[in-house]
Amino acid sequence: MLIHYIKIALRNLAKQKGLTLINVLGLSIGLACFTLFLLYSVNELTFDRFHTKADNIYRVYRSAAPMGDDPGNMDSYMPMPLGPALKQDLADVEEFVRMQDAGWAEFVKVENNVSRMGVAFADPQFFKVFSFPLIKGNPNTALSDPRSMVITQESAKKLFGNADPMGKTIEVKLEEKFEPFIVTGIAKDIPANSTITFPMLANYEFLQNTKSGARSKDNWRRSSYQTYVLLKEGSRLANDKARLQLFRKKYYPDEEERLRKAGYWTKQGPPVSFGLQPMTTMHTDTRIGGGLVDPVDPKTIWILLSIAAGVLLIACINFTTLAIGRSAGRAKEVGIRKVVGGLKRELIFQFLMEALLLTLLSTIIGLLLVNLLLPSFNNLSGRELKFSFSLYPQMIWLLAGLIIIVGLIAGSYPALVLSRFNPIEVWRRKLKLSGSNMFTRSLVTLQFVLSVGLIISTLIILQQLNFMRSKNPGFNKENIVVVDASGTDTDKIFPLFKQAAAKHPEVKGISGAEIGLGEGTGYSRSGFDYKGKHKEVFEYFVDADYIGLMGMKLIAGRDFDPRIASDTVNSVIVNEAMVRDFGWTVESAIGQQLPEYSDQLKPVVIGVVKDFHFRPFSEKVLPQMFHQFSDYRPFKFFVRISEGNPAGVLAKLQDSWKSVVPELPFKFSFLDEDLNRFYRSEARWSSIVGWAGGISIFLACLGLFGLAALAVLNRTREIGIRKVLGASVPGIINLISKDFLKLVLIAFIIASPVAWYFMSRWLEDFAYRINITVWIFIFAGITAVAIALVTVGAQAMRAAMANPVKSLRTD
Amino acid sequence: MLELQHISKWYNVGGARTFILKDINLHIAEGQFISIMGPSGSGKSTLLNIIGMLDEASEGDYIFMGQNVTQLKEKQRSNLYKKHIGFVFQAYHLIDELTVYENIETPLIYQDIKGSERKAMVADMLDRFQIVGKKDLFPTQLSGGQQQLVGIARALIAKPKLLLADEPTGNLNSKQGEDIMELFKKINEEDGVTIIQVTHSDKNAAYGSHIIHLLDGRIERAYV
C-alpha cells in the first residue's frame, strides 16, 4: 500500500511541475535555514560535553559580592598555586589542570620561517582529564617534559605542511627570546563545541619558570590562569559552600576583615568566595567571565531558533495553502477511491504520506543547500561548524523528528479537506473550489506578519548599526594604521620605527600607546579613592603626540609637552565625564590632584578633552584619563596617513618595520575597522535577521504566486463572463489583486506594533540609540505591498488578457 | 438480494421540498440483470447511488443482503459495499495517475489483500479481458472502449455480488457499446453477478432480464 501511495504521489508531483517546484523549493529553503540554526544550537547546547569525564570536571571561579558602587562580579582567572592547593587540601579533588589560554599570537619560528600563532600552557595531566584525542604521541607522557609541545593537526599543516612534525623543534618568542620546544604529540582538531581551544599547547611548568611566571609562583594575589578540577565520582564538593569557604579562608585569612575595616563590606557572611562551575554549563552561563570562547545566553539560541522556525513555518504554510488550492485537481481521485472502498482515514493517511514524502524530498535538497551555505553561515555565526552526524549524533533524531513534524504541520489540513470530499458531489461539480477560504487567508496573513516583522526589525537594527558606525566618536578614526608591536622590544623599536616611518611624506604623524582600540584589545581600569569616595577610571598609557594625532578636542588646559619633564611623571589629561564624576568644572579641573591614586604617585590634571567614545556606543561615556607615566610601553603604534589608497603607504611602513625588526613579520590593522569590530554582534544580528526577513518574504511571495495562479485558474470562467460583459483589463487585475493585497495590509497592521515593541526593547541596551521613526514602517509596508503586487499582478494580468471565448468554451 | 422500502429522496430548495425519488419500493433477487430507464432528471442515477450506498435516502429502508443499510455505521456500510458491490461509470472514472494494472488493483488495496495474491488476481482479470498488453499504459493512452473495459475489470476484481453501472456505454460508439453489453451478459450468466444498469438505450436495456421505468422520481412501470 505504501509503495502504491508513493507511486501516485510522485506521479502527481511530476504532473504539476510548477506547483511542486514552489513547494519543494520553498520547503527546502525553509528546512535548510532551520537545519543550519539547529546545527548551531546543537553545537552551542552540547558545548564541552564531548569530554568523557565532563560530568565530574569543574572550573574554579571566584564570586565577589556587590560592594559599594561595585556591582560585584564572577570570574574564572585564578592564582597559580590554587590547583595544587586544592588537590592537597580537598580529598574530593582527584586531579587539577591549570591553563593559560592562547589569548594572543606569539611569534613562532620553524626552520627560520616566522609566523604568528597562539600558545596555550597546561599541566601535563591535561590529556588525562580532558578528552582531546592524540593522533600521534602518548597522552600520558606528551606534556611531561617542560619543553614538550602538542600541536593540533591544523597547526601542524600550517607550520610543517605535509612533513611529520613529531620530534621537530618549534621556537616560540616568549618575553625576550625565542625558546625551543619539541613536538611530542599531534592532537585531533579541536571540535567547534569546545570552550578549551589551543593551536599549540605547552607545559605549564615552563610558564612557571618564565620571568612573569616566576612572579605568580606561590603568589595568591596574581590571578590569570583558568583552573579545572576533576572531582571523584559522587563528590558533592561543588555544592558544599562551607568547605570551599574554609579553603578560601586558609589562603586569604584577613580578606573579610580588611574589607570590613575599609567599610566596603557590611553584610553577613564572606564577601568573596570560590565556586565550582560544572564544565557542561560553562558555555551557557554568561555571568562568569574568562576563557577564549564567549559564553552564549541560551535565550539568544532560542530566539535564533524561533526566527528559523518562523521561516520554516512560512514554507509549511505555502505547502498547506497550495495543497488546498489545487485540491480540485485531486477531487476526482478522492471520489474514485471512496467508491472502490477507500475509507476516509485511509485517504488521510495517503495524503499525509504524500506530505511526508515531499518533506523528505525537500530535506534532501535542503541538506545539499546546508552544505553549500555552511561556509557563509560559519562566517555569520563565528563558529567552525561541520555538518556531520558522527560529530552531532543528535542531528539524526532531530532531523527525523523535523521531517515528521513538518510533514504533519504542512499536510494535515489538506489531508482533512481532501479526504472529506464526497464522490457524488465531486462528480456533480458541486464542489466549492476553496482556494481562499478563511483558513488559507489567515495563513497567508500570518506569513506576511512574520516577514514584514522581520523586515522592520532588520531596518531598525541596520539603522542603529549605521548610527554607531558613523557617529563621530569625538576623535578622527579615519586614516589611522595601528601597528601591532606586542612581542617585540617596543621600548627600543618605537623610536627607531618612528624615525624610519616619518621619512615617508604620506605619514602625517606617529604616536605610541599601550593598547589598541576596539573589541578584544583590552582596557585598563583602575580604582582609587577621591575625597572619601571610591572611583573607577579608564586609563590610557600614551605618548605626548597621542591626543593631537587622534584629533581629540582639548577644551581646557594644555596637551602633553615633551619639553616639560614632569609630564612623564605625574601629568594626566581627563575627559568631561571624569570632570563631572569628580565634582569639578572644566575650568577648576586644571591643577587638581589625585592624592590617593597610589602610594608613590599623586597625578595632577593638566588638561580636559571633550568626551570621546573609545568604548562602544552601547556604553555610556565613563571617566577616562590619559597619562604617560614611566612604566608605560608602546605596544601599539598609531600612524596617521594621508587620505586615499593606503596600499602604497602600507608597503612603505612594512619596509620601515623590516629595517628595524627584520626577523619578525609586520602586523597592522585600521583603526576604524578595529572600532567597528565592537559592533560585530549587532552586525551579525542584522545579517541574520535580514537574511531571515529576505528569505521569508521570498517564500511568502512564492506561496502568494502559487495561490494567485490557482485563484486565476479557479476563476477562469468568472473572468471570461466578466470580460464578455465588458470588464476592462485593469478592472480584472484589480479584482484578482485586491483580495491578496488586503491580506498583506492586514499583516502589516499586525506586524508593526509587534516589531515596534520588540525592537524598542532591543534598543534599550544601547546608551546611544536611534529613535524609531514612522518612516521605517512606511518603507517596510510599501515594500511588502509592492512585492506582493508584482507577484499577484503578473498572474492577474495573464488572466485579464486571456481570450474569454476560449475560457468559456473549455468549461 | 436487496430490497427498497418506501425510499424517498429530496432536497430542500428555498423552504420547499424538491423530490428526486418518491416512495420507491423495489425487490431485486440475486442473479437478476436489471435495466433502469427514464428521461433526464427522473432520478435514475440517484436511485443507483442509493443502492450503491454512495448516497443516503431521506426516508425509507434499504435492506441489502439481510442487513438494514440505513441503520449501519459508516465503517460497516463501507465494509459491506467494498466486499459486495462494484461500480462502472459512464465517464469511466479511472485514476489518471495510475496505470491500467494499478487502477484494477486499487480496490484490493483497500481490502487489505496481500501483494502476491493481488498480483494473481489482477493478472487473472487482465487475462480474462484480454488487456494484458495494455497493463502498463495510463488511461489517457486508451480508447474509450478500452477504458471502460478497465473500469469493468476494476469493478469485478474483488468478486462482487452486485455490479452497478451508470450508463456504461454512454460515451462509447455502438460497436464498443455492444461489446460491453455482451460482456455484462456473460458476467451475469456465467458468474452469477447481479447487475443493475442505468441506460437510455432500449437496445441495451434488452440485454437485461428486467426493466424499470422511472418518471419524476417514481416507478412508472416495471417489467419484472
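The values are calculated or read from the model by the stated rules, or taken from the named source; none is laboratory data. These figures come from a predicted structure and were not determined experimentally. Counting neighbours? That spans all protein chains shown, and the Cβs are built from the backbone with ideal geometry, glycine included.
Please state which of the following conditions A:GLY341 fails to meet, knowing it meets all the rest: (1) more than 10 Å from chain B (Cβ to nearest Cβ); (2) not in a helix (DSSP H, G or I); (3) not acidic (Asp, Glu).
(1)
Filter the range A:152-168 down to residues that are in contact (Cβ under 8 Å) with a residue 40 or more places away in the chain and either closer than 30 Å to A:ARG633 by Cβ or in a loop (DSSP other than H, G, I, E, B) (or both), then give me how many there are. Give the derivation first.
So the first thing to find is which residues in the range A:152-168 are in contact (Cβ under 8 Å) with a residue 40 or more places away in the chain, and the list is A:152, A:154-155, A:158-160, A:168.
Next, only the ones that are either closer than 30 Å to A:ARG633 by Cβ or in a loop (DSSP other than H, G, I, E, B) (or both) stay: A:155, A:158-159, A:168.
Summing the residues that are in contact (Cβ under 8 Å) with a residue 40 or more places away in the chain and either closer than 30 Å to A:ARG633 by Cβ or in a loop (DSSP other than H, G, I, E, B) (or both) in the range A:152-168 gives 4.
Mind listing just one residue for me: the one in the range B:15-40 that is on the phi > 0 side of the Ramachandran plot and touching a residue at least 12 places away in the same chain (Cβ under 8 Å) and, of those, surrounded by the most Cβ atoms within 10 Å (Cβ to Cβ)?
B:GLY38
Kindly check whether there is at least one residue in the range B:55-67 that is within 18 Å of the chain's Cα centre (by Cα) and within 20 Å of A:ARG337 (Cβ to Cβ). Steps first, answer last, please.
Of all residues in the range B:55-67, those within 18 Å of the chain's Cα centre (by Cα) come to B:55-57, B:62-65.
The next check asks that each one be within 20 Å of A:ARG337 (Cβ to Cβ); those that pass are B:55-56.
Yes, some residue in the range B:55-67 is within 18 Å of the chain's Cα centre (by Cα) and within 20 Å of A:ARG337 (Cβ to Cβ).
Answer yes if at least one residue in the range A:461-469 is surrounded by 20 or more Cβ atoms within 10 Å (Cβ to Cβ) and of a type in the set (Phe, Trp, Tyr), and no otherwise.
no
If the requirement is being more than 14 Å from chain B (Cβ to nearest Cβ), under 28 Å from the mean Cα position of the chain (by Cα), at pLDDT below 90 and assigned to a helix (DSSP H, G or I), which of these qualifies: A:LEU304, A:LEU372? Reasoning before the result, please.
Values: A:LEU372 fails: at pLDDT below 90.
Going through A:LEU304, A:LEU372 in turn, the sole match is A:LEU304.
Within the range A:1-17, count every residue that is more than 9 Å from chain B (Cβ to nearest Cβ) and assigned to a loop (DSSP other than H, G, I, E, B).
1
Can you name the number of the only condition in (1) crowded, with 23+ Cβ neighbours inside 10 Å; (2) modelled with pLDDT under 90 that A:VAL426 fails?
With (1) crowded, with 23+ Cβ neighbours inside 10 Å; (2) modelled with pLDDT under 90 applied to A:VAL426, the lone miss is (1).
Return the only residue of A:GLN125, A:GLN88 being more than 31 Å from the chain's Cα centre (by Cα) and free of Cβ contacts under 8 Å to residues at least 12 places away in the same chain.
A:GLN88
Quick one: count up the residues across the range B:105-135 that are part of a helix (DSSP H, G or I), among the hydrophobic types (A, V, I, L, M, F, W, C) and away from chain A (no Cβ under 11 Å).
7
So is A:ILE721 touching a residue at least 24 places away in the same chain (Cβ under 8 Å), surrounded by fewer than 16 Cβ atoms within 10 Å (Cβ to Cβ), part of a helix (DSSP H, G or I) and not aromatic (Phe, Trp, Tyr) or not? Steps first, please.
On the way: touching a residue at least 24 places away in the same chain (Cβ under 8 Å): yes; surrounded by fewer than 16 Cβ atoms within 10 Å (Cβ to Cβ): yes; part of a helix (DSSP H, G or I): yes; not aromatic (Phe, Trp, Tyr): yes.
Against the criterion (touching a residue at least 24 places away in the same chain (Cβ under 8 Å), surrounded by fewer than 16 Cβ atoms within 10 Å (Cβ to Cβ), part of a helix (DSSP H, G or I) and not aromatic (Phe, Trp, Tyr)), A:ILE721 qualifies.
Of all residues in the range A:486-515, which are outside any helix (DSSP H, G or I), under 26 Å from A:MET117 (Cα atoms) and touching a Ser or Thr at 6+ places or on another chain (Cβ under 9 Å)? Let's see the steps before the verdict.
Filtering the range A:486-515 down to residues outside any helix (DSSP H, G or I) leaves A:486-489, A:502-515.
The next check asks that each one be under 26 Å from A:MET117 (Cα atoms); those that pass are A:486-489, A:512-515.
Once the filter is applied, which keeps residues that are outside any helix (DSSP H, G or I), under 26 Å from A:MET117 (Cα atoms) and touching a Ser or Thr at 6+ places or on another chain (Cβ under 9 Å), the range A:486-515 yields A:GLY512, A:GLU514, A:ILE515.
Which of the residues belonging to the range A:251-271 are under 29 Å from A:LEU230 (Cα atoms) and in contact with a helix residue (DSSP H, G or I) (Cβ under 6 Å, 6 or more places away or on another chain)?
Passing the criteria: A:PRO270, A:PRO271.
Quick check on the range B:41-51: of everything there that is touching a Lys or Arg at 6+ places or on another chain (Cβ under 9 Å) and hydrophobic (A, V, I, L, M, F, W, C), which residue is surrounded by the fewest Cβ atoms within 10 Å (Cβ to Cβ)?
Checking each candidate, the answer is B:ILE50.
Take the range A:560-577 and flag every residue that is in a loop (DSSP other than H, G, I, E, B) and within 13 Å of A:VAL542 (Cβ to Cβ).
A:PHE560, A:PRO562
If I ask for residues that are surrounded by 17 or more Cβ atoms within 10 Å (Cβ to Cβ) and out of contact with any Gly (no Cβ under 7 Å at 6 or more places or on another chain), which ones from the range A:633-651 would you list? Even if it seems obvious, please write down each step before you answer.
Taking the range A:633-651 and keeping what is surrounded by 17 or more Cβ atoms within 10 Å (Cβ to Cβ), we get A:634-641, A:649-650.
Within the range A:633-651, A:PHE635, A:PHE638, A:VAL639, A:ILE641, A:VAL649, A:LEU650 meet the criteria.
Inside the range B:66-101, can you point out the residues that are facing chain A (nearest Cβ under 7 Å), crowded, with 21+ Cβ neighbours inside 10 Å and in a helix (DSSP H, G or I)?
The answer is B:LYS82, and nothing else.
Specify the residue that is nearest to the other protein chains (Cβ to nearest Cβ); the eligible residues are those in the range B:41-65 that are among the small types (Gly, Ala, Ser) and in a loop (DSSP other than H, G, I, E, B). Walk me through how you get there before you give the answer.
Restricting attention to the range B:41-65, the residues satisfying the condition of being among the small types (Gly, Ala, Ser) are B:41-43, B:45, B:52, B:57-58, B:60.
Subsequent filtering for residues that are in a loop (DSSP other than H, G, I, E, B) retains B:41-43, B:52, B:57-58.
On the way: B:GLY41: 13, B:SER42: 16, B:GLY43: 13, B:GLY52: 8, B:ALA57: 13, B:SER58: 14 Å.
Result: B:GLY52.
Could you list, in sequence order, all residues of the range A:376-390 that are closer than 13 Å to A:GLU44 by Cα and of a type in the set (A, V, I, L, M)?
A:LEU385
Looking at (1) at pLDDT below 90; (2) surrounded by fewer than 21 Cβ atoms within 10 Å (Cβ to Cβ), find the lone condition where A:MET395 falls short.
Single failed check for A:MET395: (1).
Pick from the range B:139-148 the residues that are in contact (Cβ under 8 Å) with a residue 12 or more places away in the chain and either outside any loop (DSSP other than H, G, I, E, B) or within 9 Å of another protein chain (Cβ to nearest Cβ) (or both): which of them is surrounded by the most Cβ atoms within 10 Å (Cβ to Cβ)?
Checking each candidate, the answer is B:GLN148.
For the range A:586-593, check the following and say yes or no: at least one residue is closer than 23 Å to A:LYS477 by Cα and out of contact with any helix residue (DSSP H, G or I) (no Cβ under 7 Å at 6 or more places or on another chain).
No, because not a single residue in the range A:586-593 is closer than 23 Å to A:LYS477 by Cα and out of contact with any helix residue (DSSP H, G or I) (no Cβ under 7 Å at 6 or more places or on another chain).
Against the conditions (1) in a strand (DSSP E or B); (2) at pLDDT below 85, where does A:SER669 fall short? Just the number, please.
(2)
Among the residues in the range B:157-171, are any within 14 Å of another protein chain (Cβ to nearest Cβ), at negative phi, surrounded by 16 or more Cβ atoms within 10 Å (Cβ to Cβ) and part of a helix (DSSP H, G or I)?
no
Here's a check for you: in the range A:656-666, which residue that is buried (at least 17 other Cβ atoms within 10 Å of the Cβ) and in a helix (DSSP H, G or I) is nearest to the chain's Cα centre (by Cα)?
The qualifying residue nearest to the chain's Cα centre (by Cα) is A:TRP657.
Give the number of residues within the range A:506-545 that are charged (D, E, K, R) and either within 27 Å of A:GLU643 (Cβ to Cβ) or at pLDDT 90 or above (or both).
Of the residues in that region, 5 qualify.
Name the one entry in A:ALA651, A:ALA683 that is in a helix (DSSP H, G or I) and either closer than 26 Å to A:MET468 by Cβ or touching a residue at least 60 places away in the same chain (Cβ under 8 Å) (or both).
Result of the check over A:ALA651, A:ALA683: A:ALA683.
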